[in-house]
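The values are calculated or read from the model by the stated rules, or taken from the named source; none is laboratory data. Given the structure is predicted, the values throughout are model-derived calculations rather than measurements. We place every Cβ from the backbone using ideal geometry, glycine too, and count neighbours over all the protein chains shown.
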Amino acid sequence: MTMPYNPVPHAVDPYALQQECIRLLTGIVPASGAVSYTVDGARSVRYLTHAINARQHQDYLDGLFEIDPMHPSKIMSTDIRVLRMNDLIPFQQRSASPFYSAFVRSWGIRDIVELYLRVDDQLVAGAAVLRTEALPEFSTAEVNQLRAAQRFMEFTAQQLLHTPQRQAFSRFCHNYALTAKEVQVLEHLAQGTANKVIASALDCSLATVKTHLQHIFRKLEVNSKAEIIALLYRTHH
């Protein structure tokens, strides 16, 4: 039986990548908690937490991220890969740091190391390990271990996201001005995924998926999913 040609690479499951990043980091150094995330533009999206207090995480999402000097939006224009909080905010400067006073000290955090993953010089994901007062600050040796882990994690992300097929697909989406959500829907659609399954995968309603599809049809000037697949095939050949 001949399988139909699929012009779009299988959608990368960011949740699986985030899980493995957390397993790797917490297996390398002792940590009180960890978090991983994907990045969309200047915003962190799709957080995955490990041993993080739910209210603590919600406090961060409710606005404290805006004053976080380690937030991806503050790092995008740099080439920083690994950043340790206690290097960024030395002891003598902590009283003057709003983030330290409002978040770090109030939740008993002793130290944080953040790792940033880049593909084609674009920040695409990140992860952080933190320690509360029950553990010492991260040592230089531990930070170096995390630097090695960051290189491996970034290499893995590059292999998943930086392929000729995915590059061609990205250009296609850019040329038709598809939004990030429309790109996700299109990826799943090209795999032959049913609308209900797409809704579940993207954690949205079926009606929302149908709305995204209508926008995709209009932008691509097509009337059916079959026409979309045909257009993708022609574009990739």
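List of remarks:
- Close contacts from the stretch 84-96, counting a first residue that is of a type in the set (Gly, Ala, Ser) and a second that is at pLDDT 90 or above and assigned to a helix (DSSP H, G or I), with Cβ to Cβ under 9 Å and a gap of 6+ residues or different chains, come to SER95/SER101.
- Within the stretch 111-142, the set of residues being modelled with pLDDT of 95 or more and surrounded by fewer than 20 Cβ atoms within 10 Å (Cβ to Cβ) comprises THR132, GLU133, ALA134, LEU135, PRO136, GLU137, SER139, THR140, ALA141.
- First in the stretch 161-187 and touching a residue at least 24 places away in the same chain (Cβ under 8 Å), second anywhere and assigned to a helix (DSSP H, G or I) and of a type in the set (Ser, Thr, Tyr), Cβ under 8 Å, 6 or more apart: ALA168/THR235; PHE172/THR235
- Residues located in the stretch 44-83, provided they are in contact (Cβ under 8 Å) with a residue 40 or more places away in the chain and not in a loop (DSSP other than H, G, I, E, B): SER44, GLN56, ASP59, TYR60, PRO72, ILE75, VAL82
- When the stretch 13-30 is filtered for residues that are modelled with pLDDT under 95 and exposed (fewer than 15 other Cβ atoms within 10 Å of the Cβ), the ones remaining, listed by number, are ASP13, TYR15, ALA16, GLN19, GLU20.
- Those residues of the stretch 186-211 which are assigned to a helix (DSSP H, G or I) and closer than 18 Å to TYR233 by Cβ, in sequence order: LEU186, GLU187, HIS188, LEU189, ALA190
- Within the stretch 20-36, the residues that satisfy the criterion of being more than 20 Å from the chain's Cα centre (by Cα) and either part of a helix (DSSP H, G or I) or not assigned by TED's automatic domain parsing to the domain that holds ALA127 (or both) are GLY27, ILE28.
- Applying the set (1) in a helix (DSSP H, G or I); (2) surrounded by fewer than 19 Cβ atoms within 10 Å (Cβ to Cβ); (3) without any contact (Cβ under 8 Å) to a residue 60 or more places away in the chain; (4) not β-branched (Val, Ile, Thr) to PHE99 leaves exactly one unmet item: (2).
- Of residues in the stretch 145-175 being surrounded by fewer than 17 Cβ atoms within 10 Å (Cβ to Cβ) and of a type in the set (Phe, Trp, Tyr), the one modelled with the highest pLDDT: PHE152
Listed here are the residues, each with its yes/no results for (1) in contact with a Phe, Trp or Tyr (Cβ under 8 Å, 6 or more places away or on another chain); (2) not in a helix (DSSP H, G or I).
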{"residue": "ASP111", "(1), (2)": "yes, yes"}
{"residue": "ARG118", "(1), (2)": "no, yes"}
{"residue": "GLY126", "(1), (2)": "yes, yes"}
{"residue": "LEU130", "(1), (2)": "no, yes"}
{"residue": "GLU137", "(1), (2)": "no, yes"}
{"residue": "GLU142", "(1), (2)": "no, no"}
